[in-house]
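Here is the structure we will look at, set down as structure tokens.
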Amino acid sequence: MSYADVDEVLDDHTNLVLALDQSPFEVQTAVGVNKFAVLVPLMTEDGRRFENLERDFPNRGRVWWMLRPENERESLGPGSLWTAPIERAPEFGSSHPKKDFYQIVRPRAFGGVKDWVEILEVPFDPADAAAALPDDGIRMERPPLPLVVLLGRGRLVGPYHARWDAATGHAILAAANPGKPQAFALPVSALRPGEHFEEFTYRTNRWDPRAPQRDLTIRLLAKKHLEAFPRAGQVLDAASDNQVVNWALGRAQFTKAERSVFRDAISRLPGGPETEGEFPGRLARFKSLCERGERVRALGVEVAQSLAAQPAFAALVQNHASTLAEARIAELVASRSAELEEALQQATNRFKKLQEDLGRLEREYDQAKSEQEARLEIDRADWIRSLERREAELAERQASIEKREREMESRLADVVHRYETQGRELGNELLAQVPILRRLGLGGSGGGEGGRDAPPDVPARLALPLWLGHPRRKGNLDEAAFLSQFADVAARRGYVFDREDLVNFHLSVKVGFWTVLAGPSGTGKTSLPRLYAEALGSLDEYVSIPVRPDWLDDRDLIGAFNALAGRFEPAATGLVDRLIAAAKDLEQARGGIYVVCLDEMNLARVEHYCAQLLSVIEEPPARRRLQLFSRGVERTGEPYSEHRELSLGDNLRFVGTINMDETTHFFSPKVLDRAPVLCLEAPAIDREPAPRAKAQVLDVTPVHFEEYGSWIRGPEQAAPEVRTLLVSLDRHLRNTGSGLGFRMRDRVLAYVASSRGLLSPARALDLALAQNVLPRLRTGHAGFKEAIQGIVELVPEASYPRSGRLLTALRDAGGDYDFFQLL
């Protein structure tokens, strides 16, 4: 006996023969009701069995099936046979006994089994063809295969065509070939060694406590083995009663014009075995059918005529009719009287019950009214105290902000005054020294490299990083292998992160230009972007920029053009030079990935120092350009001339870290609309970090930008039910003054689509909503209270734990706290 290997079955997409284990059941999800079934794998379509079901099909030797609408209309009872290929189930959990490792490939499942015949065991000897074909069929609890063979008392008879009557639960049998109604009978021992049938026994409803369990046996015989039946079997008459009558009338040449009695047609049939053809006894069977009907009819007529001729019978009938009539009338009168009395009593009881219910409802109403008025009074007092507390907090916060603004204005005025005073003095000194510097050969018209004058027609060039001269090899990593490498780098550097946080961070950075990390101090927010760049093999390309609280505009982050000197002066952050390197890298198709980290980015107002970046990051790649200065204002030989408009390519990723306390600034909707906010979970202290690696550079497989881009899926690839949920969510959010918008909708859809194979669809949508939609909720909006209840019902905590938990907390806070205060 040859056994099937499950891995080969998956690789070859081989069809399996499966039997239904239990009746289908329904599961309520966020997007509707789905129907599921559980199947028992019997063998492959070509007849190879499985050696150990429990081992080959964890956890319980079964296969999971989510039904399609067309399957739901078919007969789906325990034991019904199906054919389909299988695939690995994405939500398999070894700790959950009802999570199967494999599931049915839905579009390719169909009822029945090609190239196989089902063997039905019967309690009689099926060699008698008439007994094998009862008019009402064979009682069965499930539909059989279309072609069957009967097994009884060690004999096989068939083949027969089987038609399932779902209303009566019977399989109606007929000859496989209606034009030549015959069957073959042979003992089971007549089958050759290679012609044996397959037998399977399993217990149904093992995981359905509502249905009784029973042992079910299924026997299957390959169609090709039916060749043994005409070779070694006895030919039997498989005609039905209707076929026998039609055969006899045909032999009698019965026509519509003939009106003679049916008995005359029988007498015209010639007798003798020589007239019966290949099936002896068919004529006798036909005459027996006719005589049985004629005998019953004639006997009934004779008895009726004899009884009607007796006077005593007539009087007996008359007396009996009168007695029956009187009894019937008395019975009807008594029955009607009893019905009326019962109806009257029921009406009286209902009236009393209504009076009692009315009194009870009046008492309950009065009590509920008193309790509701008391609760409303308490809620009103609480609401007034809450408003007073919030007004006091807002006033205190406003005073603090005004104080800080006055301090900042004072410091700014002082800085401007010192700059103007010292700038004029420095300018005057430089102008006084220019003639001397020129005579010494140190003051050309444009500064070149090494302090030498650059030729007037040849601008100086920036010194680019050395790594741009070294092509980046492709590591041929798939996304799952990269995530394992990411987790390994974090562990070897001595950090402890939850695996889901790493996957979530990777997905958010992958599909978006900007990502914000929030969370308690000590969760590794600042280190995570560097570890990510190291896992990508892009540690050289990585840059971390600590944000200062005195940053006022993008000159502090990017730099500014010095009109007096005629040159661009980049900020000390080094961001501009890194953006130039990223643009050159993309132009050369080198494949580098550039991660820029703005550490503690809300120490200053992001809307001020990132104003130009926020404006251009949502533009299409072709128009995503950062303007450093205008054309023609620079001096000759200015090294930044060719980069005055700096292209921001798709190989750039910005990550910001934030803390939420009294020293920081809140984000405006402009920022929250462009960046998801990820909150890292604090690591459990019972998880000891691994010893830190001593190596300065870890051995990692680099990820080429082309490989990285292949992991990104567009919003159009998200499941339709996700888009439907977002449309419903947008209707509620509009009442809070913060609808989703196309930009955020597409970011959520791209995140869910790109998470395929890494997170379950429900978990991916849960995380995407928590970090994209919830941060934009404004609890102080007039329509928030009405909208939040609908949103909580649309996004329940049972299906979406993280989003549902935060939404419930926002609703229960009653507008006292917003999203960031609940982190």
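Side notes on the structure shown:
- Distance violations [Cα-Cα > 24 Å] among 98/510; 510/670; 180/224; 403/785; 510/584; 35/98: 98/510; 403/785
- Cα pair count fraction exceeding 25 Å, expressed as % - the range 549-684: 33 percent
- Overall form of the range 453-587 per C-alpha gyration tensor (a/c, 1.5; a/b vs b/c): oblate
- Applying the Karplus relation 6.51 cos²θ - 1.76 cosθ + 1.60 with θ = phi - 60° to the range 152-159 yields 3J(HN,Hα) values of x, 6, x, 10, 10, 9, x, x Hz, where x marks Gly and Pro.
- All other residues whose Cβ lies under 15 angstrom from that of residue 342 are scored, Lys and Arg at +1 and Asp and Glu at -1, for a net of 0.
- Once the Cα gyration tensor of the range 608-729 is diagonalised, semi-axes √(5λ) in Å: 33, 26, 21
- Of all accessible heavy-atom area on the range 649-793, the percent that carbon and sulfur account for (1.4 Å): 54 percent
- Separation of the residue 392 and residue 698 label points, Cα + 7 Å toward Cβ, nm: 5.1 nm
- For the range 562-717, accessible area per residue (1.4 Å probe, heavy atoms of protein chains only), Å²: 47 Å²
- FRET efficiency for residue 793 and residue 323, using Cβ-Cβ distance with R0 set to 60 Å, rounded to 0.05: 0.30
- The range 166-215 and the range 568-638: distance between their alpha carbon centers, rounded to Å: 74 Å
- Debye equation applied to the C-alpha atoms of the range 755-813, log10 I(q)/I(0) at 0.15 Å⁻¹: -0.43
- Cα centroid separation, the range 20-91 to the range 493-540 (Å): 40 Å
The values are calculated or read from the model by the stated rules, or taken from the named source; none is laboratory data. Predicted, not measured: the structure shown is a model, and the values here were computed from it. Quick reminder, even Gly has a Cβ in these numbers, built from the backbone with ideal geometry, and neighbours come from all protein chains shown. Just so you know, the surface numbers come from the protein's heavy atoms only, side chains and all, with ligands and any DNA or RNA stripped out. Shrake-Rupley method; radii C 1.70, N 1.55, O 1.52, S 1.80 Å.
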